[in-house]
1. Name the single residue that is nearest to the chain's Cα centre (by Cα) among those in region 147-167 being of a type in the set (A, V, I, L, M, F, W, C) and surrounded by 19 or more Cβ atoms within 10 Å (Cβ to Cβ).
2. Which of the numbered conditions does V282 fail, given that it passes all the others? Conditions: (1) crowded, with 19+ Cβ neighbours inside 10 Å; (2) in a loop (DSSP other than H, G, I, E, B); (3) in contact with an Asp or Glu (Cβ under 8 Å, 6 or more places away or on another chain).
3. I'd like to check which strands (runs of 3 or more DSSP E) are fully inside region 25-106 and have at least 2 residues that are at pLDDT 95 or above and closer than 20 Å to G274 by Cβ.
4. Could you say which residue among S137, S97 is in contact (Cβ under 8 Å) with a residue 60 or more places away in the chain and surrounded by fewer than 17 Cβ atoms within 10 Å (Cβ to Cβ)?
5. So which residues in region 8-57 are in contact with a Ser or Thr (Cβ under 6 Å, 6 or more places away or on another chain) and among the aliphatic types (A, V, I, L, M)?
6. Going through region 192-247 one residue at a time, which ones are hydroxyl-bearing (S, T, Y), free of Cβ contacts under 8 Å to residues at least 60 places away in the same chain and touching a Gly at 6+ places or on another chain (Cβ under 9 Å)?
7. Taking the criterion of being at pLDDT below 95 and more than 17 Å from V211 (Cβ to Cβ), would at least one residue in region 157-177 satisfy it?
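The values are calculated or read from the model by the stated rules, or taken from the named source; none is laboratory data. This one's a predicted model, so the numbers in the text were calculated from it and none came from an experiment. Glycine also receives a Cβ, built like all others from the backbone with ideal geometry; neighbour counts cover every protein chain displayed.
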Amino acid sequence: MNIRIPVCVWPVGAELGEGPVWRAEENAVYFVDIKGRHIHRLSVDSGETQTWDAPDQPGFVVPLADRDRAFICGMPGGLYRFDAGSGQFIRLTAVESHLPGNRLNDGFVDATGHLWFGSMDDAEQQPTGTLYRVSDSGDVLAQDDGYVITNGPAMSPDRRTLYHNDTMQRVVYAFDVSEDGALSNRRTFATISGDGHPDGMAVDSDGFVWVALFGGWRIERYSPAGELVEQVPFPCANVTKLAFGGSDLQTVYASTAWKGLSPAERQRQPQAGGLFSFRAPVPGQPQAQCSRGFSQ
């Protein structure tokens, strides 16, 4: 296996860094600190950084089409529009208002412009989490449920397979995706062995699945057949998600977290919570923008 060496490009110290997304128009990476209630931006060209305060725990940010520096942000109770120019948050859609103990967690946009995201029990105990998809009409449709922690929705390049993590059960599921976005045939794609729980993930242009492992000190890469083909070791335990960026989409940006570490562990892992990068052997898929289900 090839050994790739991640480099910390921003020691931001996020308590629960998550959800990096690449904005090609800006040559910048955006990501969240869920527990710190921040949204962060790193300009790759200048190294300039920017941080916004969020009104609640931001589970993810994904770009909104046809809006300059606008994003969809998932927070407890709903989906919000976040304007990076003004720093404003406007609630667009209520989600799980009847479950005050839940929050929204990981999300991504498929190549057709549809948003997929999950919810979870913020106490990480009850199986109240659900995987959702936003329809063309803006309806938030449940696709699968019974999760304590949902994570990492991602899709194959041919748009026929959706991958989703049951973090607590340490399982990566695969689903068949129909033309209308409906899921079927849930099956186990991979089961994590060794340390760590599957967190966020991404699929490269060859259809290989990259899975970040919380508590696992690594990212794992799986073939489309579910075979583990590579591991990328990190200098900190909690690796949370990755995104492909750069002009050739071969620079990986990965978020990490210090959540759950003892003071002694944090001292031994001074880069925990930082944003890392390393080079991938093949490009990732382009970052899609939300263009379906949200008024422009």
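1. The extreme case among them is A154.
2. Unmet condition: (1).
3. Where strands (runs of 3 or more DSSP E) fall fully within region 25-106 and carry at least 2 residues being at pLDDT 95 or above and closer than 20 Å to G274 by Cβ, they are 28-33, 38-43, 49-53, 60-63.
4. Testing whether each residue is in contact (Cβ under 8 Å) with a residue 60 or more places away in the chain and surrounded by fewer than 17 Cβ atoms within 10 Å (Cβ to Cβ) leaves just S137.
5. If the condition is that a residue be in contact with a Ser or Thr (Cβ under 6 Å, 6 or more places away or on another chain) and among the aliphatic types (A, V, I, L, M), then V9, A28, L42 are the ones that fit.
6. Hit for region 192-247 is S223, nothing else.
7. No, region 157-177 has no match at all.
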